[in-house]
Amino acid sequence: MQTSSFAPSEYNILPDHPGVYRYFNEAGELIYVGKAKSLKKRVSSYFNKNTGVNLKTRRMVKEIRKIEITLVNSEFDALLLENNLIKKSHPKYNILLRDDKTYPYLLITKENFPRIFQTRKLIPKRGTYFGPFASVKAMNNVLDLIRELFTIRTCKLDLSPYKINEGKYKVCLEYHIGNCQGPCVGKQSESNYLKDLEQAKHILKGNLGIAKTIFKQEMQSYAENLEFEKAQRMKEKLDLLEKYQAKSLVANPNISNHDVCSIVIDEKNAYVNYMRVKNGAMIVSKNVELKKKLDEDQEELLITALIRLQDQFNSDAEEVLINIEIKNPIEGLNLVQPKIGDKKKLVELSTKNALFYKKEKALLQGLNKDKKDRVIKQLQQDLSLPEIPDHIECFDNSNIQGTSPVASMVCFLNGKPAVKEYRHYHVKTVEGPNDFASMKEIVSRRYKRLLEEGKSLPKLIVIDGGKGQLSSAVEALQELGVYGKMPIIGIAKRLEEIYFPGDSYPIHIDKKSESLRLLQRIRDEAHRFAITFHRKVRSKNAFGTQLTAIPGIGENTANKLLNHFKSVKKISEASEEEIARVIGSSKAKGLIEWKEKNKGA
């Protein structure tokens with residue numbers, strides 16, 4: 001594969017060839033990855049279109065400073081490469097598939113007398129993985145079936161020939177109840193054990209027919225040799241397998257190896273159901289939500305979701321059944337929209353699942369919105385506020401014996417954290433441990449800035465602390481001339497008492513109240529944000545103190561070193577040449593000499 005770079009103005013010289021294109025912004029960050037049958041036509045369309053382009057796409061095009069392309073042999077190869085690059089880099093303008101779960105696998109270990117067990121960690125050298133399974137219940141059903149059909153060991157013993165021959169082990173309860181044939185004491189050969197394991201592998205791959213054929217052959221062989229008890233055991237295993245298959249069947253068993261993918265959309269999101277069907281049995285069923293980024297059509301959304309899900313669930317499907325018409329088919333991707341028969345019924349089942357998932361999501365969002373509205377309305381009632389407090393700001397400060405004093409402000413909109421509005425403050429005008437003066441300074445700075453910028457003021461201010469901190473914040477608001485324009489309260493930690501300015505006695509909200517829990521959450525978030533920032537500042541100051549103690553190293557030089565190496569430990573491990581590249585050779589030499597002199601100190 002060949003990769004080349006271009007400036008946005010050079011898009012006309014791109015080749016008329018399949019490939020993947022990548023857009024980078026001024027900071028060199030990857031902001032979008034796309035695939036194309038013709039790179040020249042696809043990339044040109046972003047820069048030539050003046051009408052019919054949405055705001056997000058225009059915004060992205062304005063950010064582009066560099067284009068990188070990679071040529072591939074076909075559009076399908078481009079699709080696979082695009083998926084890998086998106087999965088690796090998560091560019092901000094690409095479609096997001098909202099699914100952060102880790103899925104379970106079944107692992108057949110690479111050891112003597114291999115074991116089968118479930119895991120969520122993929123370490124290829126440990127053995128062969130089957131899955132992932134979208135449902136833990138489905139995975140456990142398969143595992144239970146395998147353990148009922150075959151005598152696969154569950155112990156963790158090292159069954160190397162040496163240890164078995166030395167008589168290191170004794171049989172356990174699993175042997176006595178018939179779940180294991182005792183390979184640990186030489187009662188089962190490894191070749192016999194591996195025959196069972198091979199059949200288990202067929203079941204894990206969804207090929208139940210192979211296992212059924214083997215059971216039938218063994219049953220007939222035992223019956224012909226008049227070994228009726230063994231023949232009966234094979235019949236019981238065959239019945240168990242057929243019963244399991246009957247439960248799993250959703251379609252005609254002749255539908256051998258297919259994926260089914262259906263999509264329903266609304267204005268902002270798409271909802272996709274993906275199913276894998278082998279021999280008429282559904283072995284995977286997964287719903288995902290995709291968030292639109294650049295007003296993508298449903299065809300693009302479906303293909304994007306399909307490729308990612310096939311990759312995730314290691315699909316080897318011969319054909320993919322879908323619920324929409326594809327206007328631009330991709331060579332190498334066999335997509336079919338069935339019109340009649342069993343395949344159409346499968347698509348209808350998948351579409352029903354996608355519609356239910358969309359409805360479920362809408363219901364959940366509605367319930368969450370109702371809860372948020374209810375909580376902030378309850379807070380308005382509990383605090384007798386003139387307006388619904390849909391914009392709340394909370395302040396906290398942090399210092400240890402007056403060192404590195406800092407403060408934080410967190411913002412909640414409609415009962416949810418608005419993280420982009422959070423602010424950190426270095427306390428500038430206060431010396432020593434004075435929480436009251438620090439609170440006055442940061443409240444004053446916050447609302448002076450909002451007033452200067454003409455931004456909206458909060459509907460409620462919360463001060464983390466009692467009457468003293470609250471009074472200091474009130475003074476700041478009075479000096480700015482905004483006191484009385486927005487309600488302000490203090491919340492004391494010990495008894496969760498709520499103080500209003502000028503009131504001698506606090507009010508208490510019911511401890512089980514949702515509105516109090518919201519206030520506690522806001523207060524705790526402000527405290528967490530302040531403490532985290534204080535630790536960072538204190539740590540940086542400690543590093544600076546260590547470095548500035550070295551002769552010839554001042555504050556500016558110390559900052560240069562810390563910004564480059566990130567810690568004093570890494571500076572101490574760096575060579576003279578590495579340090580010289582940051583602060584010059586003479587200072588680097590002095591630092592190395594000081595380090596050598598104080599090595600044993």
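The values are calculated or read from the model by the stated rules, or taken from the named source; none is laboratory data. All values derive from a computational prediction rather than experimental measurement. Because the Cβ atoms are built from the backbone with ideal geometry, glycine has one as well, and the counts that use them run over all protein chains shown. In case anyone asks, the SASA skips ligands and DNA or RNA and just uses the protein heavy atoms, side chains included. Shrake-Rupley method; radii C 1.70, N 1.55, O 1.52, S 1.80 Å.
So, residue 195, is that one modelled with pLDDT of 85 or more, under 19 Å from residue 107 (Cα atoms) and open to solvent by 50 Å² or more (accessible area, probe 1.4 Å) or not? Yes; evaluated as a whole, the condition is true for this residue.
Give the number of residues within segment 143-168 that are part of a loop (DSSP other than H, G, I, E, B) and closer than 16 Å to residue 195 by Cβ.
The initial filter retains those residues of segment 143-168 that are part of a loop (DSSP other than H, G, I, E, B), namely 150-160, 166-168.
Checking the rest, the ones that are also closer than 16 Å to residue 195 by Cβ come to 150-153.
Total satisfying the criteria: 4.
For segment 568-580, a residue qualifies if it is surrounded by 13 or more Cβ atoms within 10 Å (Cβ to Cβ) and either assigned to a loop (DSSP other than H, G, I, E, B) or at pLDDT 75 or above (or both), and the qualifying residues are 570, 571, 574, 576, 578, 579, 580. Consider segment 169-192. How many of its residues are open to solvent by less than 50 Å² (accessible area, probe 1.4 Å) and not in a loop (DSSP other than H, G, I, E, B)? Going through segment 169-192 one residue at a time, the tally reaches 2.
Residue count for segment 17-38, restricted to those that are crowded, with 18+ Cβ neighbours inside 10 Å and farther than 12 Å from residue 91 by Cα: 6. Residue count for segment 85-96 satisfying the condition of being open to solvent by 40 Å² or more (accessible area, probe 1.4 Å) and either touching a residue at least 40 places away in the same chain (Cβ under 8 Å) or among the aromatic types (Phe, Trp, Tyr) (or both): 4. Which one of these is farther than 22 Å from residue 153 by Cα and small (Gly, Ala, Ser): 186, 182, 209, 167? One residue alone meets the criteria, 209. Annotation: residue 114 fulfils all but one of (1) surrounded by fewer than 17 Cβ atoms within 10 Å (Cβ to Cβ); (2) of a type outside the set (A, V, I, L, M, F, W, C); (3) at pLDDT 85 or above; the unmet one is (1). Note on segment 263-303: residues that are closer than 19 Å to residue 355 by Cα, touching a residue at least 60 places away in the same chain (Cβ under 8 Å) and part of a loop (DSSP other than H, G, I, E, B) total 2. Whenever a residue of segment 377-399 is within 17 Å of residue 420 (Cα to Cα) and in contact (Cβ under 8 Å) with a residue 12 or more places away in the chain, its partners that are hydrophobic (A, V, I, L, M, F, W, C) and open to solvent by 40 Å² or more (accessible area, probe 1.4 Å), lying with C-beta atoms within less than 6 angstrom and at least six residues away or across chains, give the pairs 391/413.
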